[in-house]
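Everything below concerns the one structure shown next.
The values are calculated or read from the model by the stated rules, or taken from the named source; none is laboratory data. Since we're looking at a predicted model, the values are computed, not measured. Methodologically, a virtual Cβ is constructed for each residue, glycine included, from the backbone with ideal geometry; neighbour enumeration extends over all protein chains shown.
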């Protein structure tokens, strides 16, 4: 007997997970750690380097996992981090 | 006059460590005054971020927005947002905003100030503006103390807190701000913490769009003073604590949302009712009493 | 610029000083009053509450206390309206912080103080003139204000318009120092047609946003103004600020700003001063007075002249900034001064200071509650005359 295959709807694009690029404005960072703690995919870690004020800014550990959710940008008190969608340029 | 021109030059130059890489919100901020004075892990910057996002979502033209604040750490918000902003005296941001709104009802007036400023010294103005339902949005960042002056007891400080004017722990019962706001007639009352950024933004959008006196309380960490004195860590530890210990209960009765020092916090949107604003009530009333002689007040 | 006819109640009226003050404000273009009731000034706001709904663009709100009233008017000023608040002694004390804010942010507004017997609750329904020093020095820090004192309901109308004009021209809060007698006295007040009333419009800037600096002074030490909602997006603060309006914590900026706030009135004093002289040139004794006391002084001077003393009167209309040069000039010419005021010595010290020891100055004062007795002033005139010989 032929294997019954599920009919997929025709013509619908496959939903794609967006991919975001993270931009960190290191000199503004005051090392609070909010973005590192609350990134849903935990792509940020505390870097070892210092910025001019003596804080450790975050650095991107797993850039391929960023989905442009924009939570880091919202939770940052210093306006020091944001993301944008590579293909469309959308900034959430 | 050369001294004058030197001072002119000095006042126009940007701060020494200003960096021109840009962030999407930079148009909204006075970049020539950055970096701001708030401590690392302070929750006020997060609220300003949410406010900027809320303004973007509401699509209110920034030329019409006025931010009025009082004195204190949160009171410095007026100095950092690039809209017509007024940094007034301690506790009197709300009557200033009342005068401004009544003189030009087309302005979108936002009072952005701290708990001590709005509810302690400004308490009388808060309750009367809410009673009158003046069309303004009040965003109260509650860090449970008077931070700018070094951390004194405030009227929202939970019982038992150790602060500089309650060195052996506070024995005063604090205000329950949503309960107070609802009882004096605010039409929109919500409370969120610094962690709930999306909820805060949505609440701010709703508060901005709602005609009448809307009140958004934001529980924010004060790492340098409040959290340090209570040995609760820094802002990040406090955000983790909010994550574990906050209950989102939209529509909860405001009588039950007291804050105790190491107890769970209830957050959510508590009140969303309709009432005519001051100017609408005034126009309707005069139209009825004075008839055709009266022309609606438009500013 | 001519007055807006919608606010002008042209005609001949029989009203009291408080009502005349309200009409003067409306004629001057005042369209926002934040008030709080306090005897004897309540009639001003009562009349404004009755007139405002029928004057286009005018709005009245009774605020919850004087602190709120004195800052609500500043909110209205920065939204573009002319604004006024009205109070008496105890309320005036409450408004002090915001008078300082108005002086610091250079907000043009008018504070009407219908003086009553003080201190503290004092004599609510009886006159006094004991807030004169407080008008000048009440708030903390260095600043200058203009204070005007009318002596009749007609002057209450005319000088209120002048108060608004001076406040717009110099961007300074103006204190309108009435007293309960003038406020509750009913006399004929003639209000001319609107095109005969000159008013000074607000000095809004014509520069576009980006070029305009809100606290950069012009040639006359006074910056141009803007209003919220016009797209300037500027910051106004009570902290010491630079030309952009941004707070700067430094002694240089403090010097630059506060010296200008003080100098713009002190150096313009010859243009602001106003007093009326009557028979001063050949007099031996000059009676310096203001407000309701000047009307009693007129009688006292008549009586003294009948006794053979050459007496003249100098009535201060603008009390602050005080006309020091004129007093000094008269003192140098060998005249004696009698300061007739309804207090235990306030402007008396200014006259004494301005005379710089060159002339005797006698105080004809009492604690308030009633106007002077004519005999009391005549006695002091005689005493001053004896000092000269």
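Within segment C:317-348, can you find the residues that are more than 14 Å from residue C:269 (Cβ to Cβ), touching a residue at least 60 places away in the same chain (Cβ under 8 Å) and crowded, with 24+ Cβ neighbours inside 10 Å? Answer for segment C:317-348, where residues must be more than 14 Å from residue C:269 (Cβ to Cβ), touching a residue at least 60 places away in the same chain (Cβ under 8 Å) and crowded, with 24+ Cβ neighbours inside 10 Å: C:341, C:342, C:347. Take segment B:210-236 and flag every residue that is outside any helix (DSSP H, G or I), in contact (Cβ under 8 Å) with a residue 60 or more places away in the chain, surrounded by fewer than 24 Cβ atoms within 10 Å (Cβ to Cβ) and at negative phi. Those that are outside any helix (DSSP H, G or I), in contact (Cβ under 8 Å) with a residue 60 or more places away in the chain, surrounded by fewer than 24 Cβ atoms within 10 Å (Cβ to Cβ) and at negative phi: B:210, B:211, B:230, B:234. Of the residues contained in segment B:256-266, one or more are found to be within 19 Å of residue B:197 (Cβ to Cβ) and more than 14 Å from chain A (Cβ to nearest Cβ). Here B:77, B:68 are screened, and the one residue that is within 14 Å of chain A (Cβ to nearest Cβ), buried (at least 24 other Cβ atoms within 10 Å of the Cβ) and within 30 Å of residue C:61 (Cα to Cα) is B:77.
Quick grid of which residues meet (1) crowded, with 21+ Cβ neighbours inside 10 Å; (2) not in a helix (DSSP H, G or I):
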| position | (1), (2) |
| --- | --- |
| C:6 | no, no |
| C:12 | no, yes |
| C:44 | yes, no |
| C:52 | yes, no |
| C:56 | no, yes |
| C:67 | yes, no |
| C:74 | yes, no |
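Scanning segment B:80-102 for residues that are within 7 Å of chain C (Cβ to nearest Cβ), within 21 Å of residue C:248 (Cα to Cα) and not in a loop (DSSP other than H, G, I, E, B) returns B:84, B:85, B:86, B:87. Tell me, which residue of segment C:55-66 that is out of contact with any strand residue (DSSP E or B) (no Cβ under 8 Å at 6 or more places or on another chain) and under 24 Å from residue C:183 (Cα atoms) is farthest from the other protein chains (Cβ to nearest Cβ)? Here the answer is C:65. For segment B:103-113, the set of residues classified as in contact with a strand residue (DSSP E or B) (Cβ under 8 Å, 6 or more places away or on another chain), closer than 22 Å to residue B:58 by Cα and within 7 Å of chain C (Cβ to nearest Cβ) consists of B:107 only.
Within segment A:28-41, the residues that satisfy the criterion of being more than 18 Å from residue A:91 (Cβ to Cβ) and touching a residue at least 40 places away in the same chain (Cβ under 8 Å) are A:29, A:30, A:32, A:34. Any residue that is surrounded by 24 or more Cβ atoms within 10 Å (Cβ to Cβ) and within 11 Å of another protein chain (Cβ to nearest Cβ) - is there at least one of those in segment C:20-32? Yes, that holds for at least one residue.
Count of segment C:369-389 residues, restricted to those that are buried (at least 24 other Cβ atoms within 10 Å of the Cβ) and outside any helix (DSSP H, G or I), is 0. Does residue B:127 satisfy being outside any loop (DSSP other than H, G, I, E, B), under 30 Å from residue B:297 (Cα atoms), touching a residue at least 40 places away in the same chain (Cβ under 8 Å) and out of contact with any strand residue (DSSP E or B) (no Cβ under 9 Å at 6 or more places or on another chain)? Yes. What residue, of B:203, B:166, is without any contact (Cβ under 8 Å) to a residue 40 or more places away in the chain and touching a strand residue (DSSP E or B) at 6+ places or on another chain (Cβ under 7 Å)? Result: B:166 is the single residue among B:203, B:166 that is without any contact (Cβ under 8 Å) to a residue 40 or more places away in the chain and touching a strand residue (DSSP E or B) at 6+ places or on another chain (Cβ under 7 Å). Taking segment C:142-154 as the range and being in a helix (DSSP H, G or I) and buried (at least 23 other Cβ atoms within 10 Å of the Cβ) as the test, only C:153 passes.
Taken together, B:207, B:292, B:281 contain a single residue that is part of a helix (DSSP H, G or I), at pLDDT 95 or above and within 14 Å of another protein chain (Cβ to nearest Cβ), which is B:281.
Among the candidates A:65, A:44, single out the residue that is free of Cβ contacts under 8 Å to residues at least 40 places away in the same chain, under 9 Å from the mean Cα position of the chain (by Cα), within 27 Å of residue B:236 (Cβ to Cβ) and crowded, with 18+ Cβ neighbours inside 10 Å. That would be A:44, the only listed residue that is free of Cβ contacts under 8 Å to residues at least 40 places away in the same chain, under 9 Å from the mean Cα position of the chain (by Cα), within 27 Å of residue B:236 (Cβ to Cβ) and crowded, with 18+ Cβ neighbours inside 10 Å. When residues in segment A:71-89 are screened for being within 12 Å of another protein chain (Cβ to nearest Cβ) and touching a residue at least 40 places away in the same chain (Cβ under 8 Å), 11 of them pass. When we screen C:83, C:135, C:69 for residues that are at pLDDT 95 or above, within 14 Å of chain B (Cβ to nearest Cβ) and farther than 26 Å from residue C:195 by Cα, the only hit is C:69. The single residue among B:298, B:244, B:274 that is in contact (Cβ under 8 Å) with a residue 12 or more places away in the chain, surrounded by fewer than 13 Cβ atoms within 10 Å (Cβ to Cβ) and either touching a strand residue (DSSP E or B) at 6+ places or on another chain (Cβ under 8 Å) or away from chain C (no Cβ under 14 Å) (or both) turns out to be B:274. From the residues in segment B:31-65 that are within 25 Å of residue C:80 (Cβ to Cβ) and assigned to a loop (DSSP other than H, G, I, E, B), which one is nearest to the chain's Cα centre (by Cα)? Looking at residues that are within 25 Å of residue C:80 (Cβ to Cβ) and assigned to a loop (DSSP other than H, G, I, E, B), I get B:60. Run down C:271, C:307 and say which single residue is free of Cβ contacts under 8 Å to residues at least 12 places away in the same chain and away from chain B (no Cβ under 14 Å). Result of the check over C:271, C:307: C:271.
The test for being in contact (Cβ under 8 Å) with a residue 40 or more places away in the chain, in contact with a helix residue (DSSP H, G or I) (Cβ under 6 Å, 6 or more places away or on another chain) and outside any helix (DSSP H, G or I) does not hold for residue B:138.
Applying the criterion of being in contact (Cβ under 8 Å) with a residue 40 or more places away in the chain and part of a helix (DSSP H, G or I) to the residues of segment B:19-30, the residue that is farthest from residue B:55 (Cα to Cα) is B:27.
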